[in-house]
Amino acid sequence: MPKVAVVILNYNGSQFLHKFLPSVIAFSQQAEIYVADNKSTDDSIEILAKEFPEVKTILLDQNNGYAAGYNLALQRIEADYFILLNSDVQVTNKWIDPIITFMDENLDVAACQPKILDFNNNTLFEYAGASGGHVDMLGYPFCRGRLFDTIERDDGQYNTAAQVFWASGACLFIRSEIFNQLGGFDEDFFAHMEEIDLCWRINLLGKKVYCLPESHVYHVGGGTLSKTNSRKTYLNFRNNLTMVYKNDDFASLLWKLPLRFILDLIAGVQFWKNNSFSHFWMVIIAYIHFIREIEKSNKKRYQLQRLRRNKLMFPLWKSILPISYFLFGRKKFSDLKS
């Protein structure tokens, strides 16, 4: 059984495979490399067979999205560590070794990520992960290096290894034992925030999540859904609400959910004011679907009941990000009060 498996989930990403797989192959000699294909309709399979015969392929029978796609693919792979890598990521020399060595030496660390920089401007952090993620007390995610849409320049300010609340799904190192123990990703998410939800459960388990900036990669971002796509807005709001509801304790939900509704409605109205009625409408639809799926979410809450009693969980950030950002003008992670 290989120690490390690099697994790339692909859907109609032949241009990314052609561009970025060479760096993965060149700098991942110690790992088995897999591409799991979500029933692509482009020439991805032909490119893999012709240009990258050394890469193992897993063919899935439909587009299962990120969550179910990875769950199905990883069931077919045996390794001590899974590295879930987006197809639009360029890796660098020795990107694997520092993190695997760190996890070998720290058995309580279940998941890690490298520092993630913007492929198109490598002086900036990349939106999806930056230098490790946190969640505020209402469930809004943010990163060392990125608050909402404000992206910081990388001047080495977050180059220290740090325990974080979540690691990015763009480049996620995780122990296979933990991934399987927690049942993998929540497949109802389809895509977006499933890695944050998984890391929340890792924290509930009493295990740790880290960012190791000694390793770094470059991410294009927006390869599946761009920010202008209203479906992305829908998935982000619905999945975030579901994540908070099923993972947080009940007493907190009694005040958090009403406050979340007010803040999310303000965000929706702002979308509308910016001539994006479709995004406003997706916020409303996200709430409708969240309410419709409460019964299913309650079953998931029940399954996590035992984990929520664990006192070792890394805490949520004890502030409300929208207030810090919009009201007090704190635009950088270093500006926030911990």
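All of the numbers you see were taken from the coordinates with simple rules; none came from a lab. These numbers were taken from a predicted model, which means no experiment stands behind them. Every residue, glycine among them, receives a Cβ derived from its backbone with ideal geometry; neighbour counts consider all protein chains shown.
Tabulate in residue order the Karplus-calculated ³J(HN,Hα) for segment 281-295, using 6.51 cos²θ - 1.76 cosθ + 1.60 with θ = phi - 60°, rounded to whole Hz; enter x for Gly and Pro.
5, 5, 5, 5, 5, 4, 5, 4, 5, 4, 5, 4, 9, 4, 4
Need one number: % antiparallel among DSSP beta bridges in the chain, to the nearest 5.
Of those bridges, close to 45 percent are antiparallel.
To the nearest 20 debye, what is the magnitude of the charge dipole of the chain about its Cα centre, counting +1 on the Cβ of each Lys and Arg and -1 on the Cβ of each Asp and Glu?
For this selection, approximately 1400 debye.
Collect residues whose amide H, placed 1.01 Å from N in the peptide plane, falls under 5 Å from the amide H of Trp166; neighbours closer than 5 in sequence don't count.
Those lying under 5 Å, H to H, from Trp166 are Gly133, His134.
Out of residues 5 or more away from Gly222 or on other chains, whose amide H comes under 5 Å of its own, with H placed 1.01 Å from N in the peptide plane?
Long-range HN contacts for Gly222: none found.
Kindly put Thr160, Thr233 in sequence by how many other C-beta atoms sit within 10 Å of each C-beta, fewest to most.
Neighbour counts put them in this order, fewest first: Thr160, Thr233.
Show me the three semi-axes of the equivalent ellipsoid for segment 271-338, from the C-alpha gyration tensor (sqrt of 5 times each eigenvalue), largest first, rounded to whole Å.
29, 26, 6
Provide Rg over Rh for segment 230-303; use the alpha carbon set for both Rg and the Kirkwood Rh (inverse mean inverse pair distance).
Result: Rg/Rh = 1.01.
What list of ³J(HN,Hα) values in whole Hz, one per residue of segment 318-327 in order, does the Karplus curve 6.51 cos²θ - 1.76 cosθ + 1.60 (θ = phi - 60°) give from phi, with Gly and Pro shown as x?
Values per residue, Gly and Pro as x: 7, 7, 10, 4, x, 5, 4, 7, 7, 8 Hz.
Go through Gly222, Thr92, Leu336 and say which Cα lies farthest out towards the positive end of the charge dipole of the chain; charges sit on Cβ, +1 for Lys and Arg, -1 for Asp and Glu.
The Cα lying farthest towards the positive end belongs to Leu336.
Could you derive backbone 3J(HN,Hα) for segment 176-187 from the dihedral phi with the Karplus parameters 6.51, -1.76 and 1.60 (θ = phi - 60°), listing whole Hz in sequence and x where the residue is Gly or Pro?
4, 4, 5, 4, 6, 4, 8, x, x, 6, 6, 5
To the nearest 10 degrees, how steeply does helix 14-26 sit against the main Cα axis of the chain, on a 0 to 90 scale?
With rounding to tens, the tilt is 70 degrees.
Looking at segment 42-115, which GluC sites (Glu not before Pro) are in a loop (DSSP not H, G, I, E or B) and have at most 16 other Cβ atoms within 10 Å?
Glu54, Glu78
What residues qualify as long-range amide H neighbours of Tyr81, i.e. H under 5 Å apart, gap of 5 or more or another chain, H built at 1.01 Å from N?
The answer is Val4, Ala5, Ser176.
Provide Rg and Dmax in Å for the chain, with only Cα atoms included in the calculation.
19.2, 56
Two decimals is fine: what's Rg over Rh for segment 38-105, C-alpha atoms, Kirkwood radius as Rh?
1.00
Using a/c under 1.5 as the rounded threshold, could you call segment 3-138 rounded, prolate or oblate? The axes a ≥ b ≥ c are square roots of the C-alpha gyration tensor eigenvalues, and prolate needs a/b larger than b/c, oblate otherwise.
rounded
Gaussian network model of the chain, Cα springs within a sub-10 Å range: biggest mean-square fluctuation belongs to which of Leu74, Leu263, Leu327?
Most flexible of the set in this elastic network: Leu327.
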